Each structure stands twice: as structure tokens, then as C-alpha cells.
Amino acid sequence: MNKEEILEKSKNDYKKHDPIEETTMQKVYNYIYVTMAVTVSIVFFIHLFMLKRADLGLWAIVEAGVGAGCLARSKYKKKKTYITLGVMYLIIAVILIIVDTAIMVTSRE
């Protein structure tokens with residue numbers, strides 16, 4: 001391998017594993033998750049007090065967002081932990097959607 005090939009490979013590796021970018025994105029993800037949770041909590045309590053019914057579909061959105069974030073992270077971090085967490089969050093999201101749908105169906109009757 002000549003000098004140019006080594007430098008090109010090093011640049012490509014650095015682009016994929018830039019520590020500053022990784023730290024920044026981790027902070028961004030944390031802000032996104034907190035913002036989603038706070039927003040959904042506000043809307044959830046509005047539904048609970050005004051409509052007298054809990055809206056679990058809102059929490060399904062949060063769970064799906066966190067799950068997607070974990071799966072995206074697993075692609076770059078190459079850790080099975082993120083895959084496991086992502087799948088678990090997505091399963092919880094599906095369960096919440098099913099329960100919310102069942103509540104809506106039974107409340108109509």
C-alpha cells in the first residue's frame with residue numbers, strides 16, 4: 001500500500017468514527033428523546049383530563065422513536081445491545097398500539 005492509499009483509508013475511517021460527531025449526535029438524541037417525552041406527556045394528560053381517556057398511542061410514538069434511534073445507533077456502533085434495545089422498544093410500541101386500539105373499540109360499545 002502506498003502513502004496515498006493509506007491516507008485515503010485513514011480519512012474514510014475518521015469520517016465514520018469522528019469522536020466529536022458521535023458526542024454531538026448523542027447529545028442531540030438525548031434532547032430529542034426528552035422533548036418527545038415531555039410533549040407526549042402534556043398531550044397525554046390533556047387527553048386524560050379533558051376526554052377522560054388515556055391515549056396510549058402517543059406513548060407508542062415515543063417508544064417507536066426511541067427504538068428507531070437505537071437501531072440507527074446499532075448500525076454505526078456495531079453493538080448488539082442497541083439492536084436488542086431497538087427491537088424491545090418497537091415491540092413495546094406495537095403492544096401499546098394494540099392496547100390503545102382495544103380501549104378505543106371497547107369504549108365505543
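The values are calculated or read from the model by the stated rules, or taken from the named source; none is laboratory data. If you're wondering where the values come from, they're calculated on a predicted model, not measured in any experiment. Virtual Cβ from ideal backbone geometry, glycine too; neighbours counted across all protein chains shown. Calculation scope for accessible area: heavy atoms of the full protein, side chains included, ligands and nucleic acids excluded. Shrake-Rupley method; radii C 1.70, N 1.55, O 1.52, S 1.80 Å.
Quick rundown of the values:
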{"quantity": "Kyte-Doolittle mean at least 1.0 and Cα axial length at least 15 Å: DSSP H helices in the chain", "calculated": "80-108"}
{"quantity": "Whichever lysines have a C-alpha closer than 30 Å to that of LYS9, once near sequence neighbours (fewer than 8 apart) are set aside", "calculated": "LYS27, LYS75, LYS77, LYS78, LYS79, LYS80"}
{"quantity": "Gained length - THR39 relative to THR23, 0.36 nm times residue gap less alpha-carbon distance", "calculated": "3.3 nm"}
{"quantity": "Accessible surface of the chain [probe 1.4 Å, protein heavy atoms]: carbon and sulfur percent", "calculated": "70 percent"}
{"quantity": "Sequence of ARG53, ARG73, ARG108 when ordered by accessible area, the most exposed leading, probe 1.4 angstrom", "calculated": "ARG108, ARG53, ARG73"}
{"quantity": "Total charge dipole magnitude, the chain, about the Cα centre, Cβ charges on Lys, Arg, Asp, Glu only, Debye to nearest 20", "calculated": "220 debye"}
{"quantity": "1.4 Å probe accessible area per residue over the chain, in Å²", "calculated": "76 Å²"}
{"quantity": "Normalised per residue, the volume of the convex hull around the Cα set of the chain (Å³)", "calculated": "96 Å³"}
{"quantity": "Relative contact order %, the chain, counting alpha carbon pairs below 8 Å whose residues are six or more apart", "calculated": "21 percent"}
{"quantity": "Helical mean residue ellipticity (222 nm; -39500 (n - 2.57) per DSSP H run of 4+; nearest 500) of the chain", "calculated": "-31500 deg cm²/dmol"}
